[in-house]
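What follows is a set of notes on a single structure, which appears directly below.
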Amino acid sequence: MRKFLIALILLLFTISCTQAEVLRATVSKDEIPKGFFGTWHVTSKLSETNNPELFNTLSVDIWTLGGYGNTLILENVHTGASSSIQVESQKNLDGKTLKFQRVKSNTRGNIKIVQRESPEFKLNGNIFTGYDTYVIEKYVNNKLIQKDVVKYKVVGQKISGDVG
């Protein structure tokens, strides 16, 4: 019965977010730290990059983090983007670190674009801090023609939700 309810909730969530892109990734944690669940005011400040013209120097967003079982759901309230992240069974002993990898690729004509994201956040009460690194690679005929890298310092302050 529980699996049925979870499947029903997931189906309703999927239907209500049909315009948002759902991304798949993995988290290096066998259990999602519950303190991350809730709504967060998140500030991302550019730390380093090889292409400052391409990336924002500062962004402020509202994120909602939730989940069930081994699935973390991250939604960006401003952009409408949503990510469904499947948790791997790799043990992280501190219970306060959220770390995952996301890879997305698409093709436009003869150009293949591969985007890699590697966030790592550490929870301390109602605040999380960490870094989010993006790598964007462009290929033509399987040959790398451009690689842009950016690393953001990220700070989140909980707006609502329980402290873990």
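Based on the Cβ-Cβ distance of ASN126 and TYR68, what FRET efficiency does E = 1/(1 + (r/R0)^6) give at R0 = 25 Å, to the nearest 0.05?
Computed FRET efficiency for ASN126 and TYR68: 0.65.
Quick check: residue separation of THR57 and ASP162 times 0.36 nm, minus the Cα distance between them. What number comes out in nm?
34.7 nm
What are the ³J(HN,Hα) couplings of segment 144-155, residue after residue, when phi is run through the Karplus curve with 6.51, -1.76, 1.60 and θ = phi - 60°? Round to Hz, x for glycine and proline.
Values, residue by residue: 5, 10, 7, 9, 10, 10, 9, 10, 10, 7, 10, 10 Hz.
Listed here are the pairs LYS45/LYS147; LYS99/LYS143; LYS104/LYS153; which of them are more than 28 Å apart at the Cα?
LYS99/LYS143
Fully extended, how many nm does the chain gain between HIS41 and HIS78 (0.36 nm per residue separation, minus their Cα-Cα distance)?
Contour length minus the Cα-Cα distance gives 12.2 nm.
Tell me, ARG108, ARG116 in order of fewest to most beta-carbon neighbours within 10 Å?
Going from least to most buried by this count: ARG108, ARG116.
With 10 angstrom as the radius, rank PHE37, PHE128 by how many other C-beta atoms surround their C-beta, starting from the fewest.
So the residues, fewest neighbours to most, are PHE37, PHE128.
Collect residues whose amide H, placed 1.01 Å from N in the peptide plane, falls under 5 Å from the amide H of TYR131; neighbours closer than 5 in sequence don't count.
GLU120, VAL154
Here, each number is a calculation from the coordinates, and none is a lab measurement. None of the values given here were measured: they were computed from a predicted structure. Cβ atoms come from the backbone with ideal geometry, glycine included; neighbour counts cover every protein chain shown.
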